[in-house]
1. Quick check on segment 21-52: of everything there that is part of a loop (DSSP other than H, G, I, E, B) and in contact with a helix residue (DSSP H, G or I) (Cβ under 8 Å, 6 or more places away or on another chain), which residue is nearest to residue 73 (Cα to Cα)?
2. Within segment 53-63, work out how many residues are free of Cβ contacts under 8 Å to residues at least 40 places away in the same chain and assigned to a loop (DSSP other than H, G, I, E, B).
3. Working only within segment 53-64, note down all residues that are surrounded by 10 or more Cβ atoms within 10 Å (Cβ to Cβ) and at pLDDT 80 or above.
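The values are calculated or read from the model by the stated rules, or taken from the named source; none is laboratory data. Quick caveat: nothing in here was measured; it's all calculated off a predicted structure. For neighbour counting, all protein chains shown are included, and Cβ atoms are generated from backbone atoms with ideal geometry for every residue, glycine included.
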């Protein structure tokens, strides 16, 4: 039987934790009238090294997911820009 710390370090655990958070946490924040994007940032801080430490930020899986997250954040920010005012 594997220890809990060994299970937490597996990429499938990280992916499942993030995927579950993406579907469960944003609706709660919407009821509080907060942005979905803010909820995803809060989840990242909470589960990352600054919070509970459930996600290993040095693993290849997390580096890939962080890069995808940065691109998504820039994309969403770009959608919010009003080109008329720019």
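1. Taking segment 21-52 as the starting set, the residues that turn out to be part of a loop (DSSP other than H, G, I, E, B) are 32-35, 48-52.
Retained after the next criterion (residues that are in contact with a helix residue (DSSP H, G or I) (Cβ under 8 Å, 6 or more places away or on another chain)): 35, 51-52.
Values: 35: 13, 51: 21, 52: 23 Å.
My answer is 35.
2. Here the count works out to 3.
3. In the first step, residues of segment 53-64 are kept if they are surrounded by 10 or more Cβ atoms within 10 Å (Cβ to Cβ); the result is 53-57, 59, 61-64.
Matches in segment 53-64: 63, 64.
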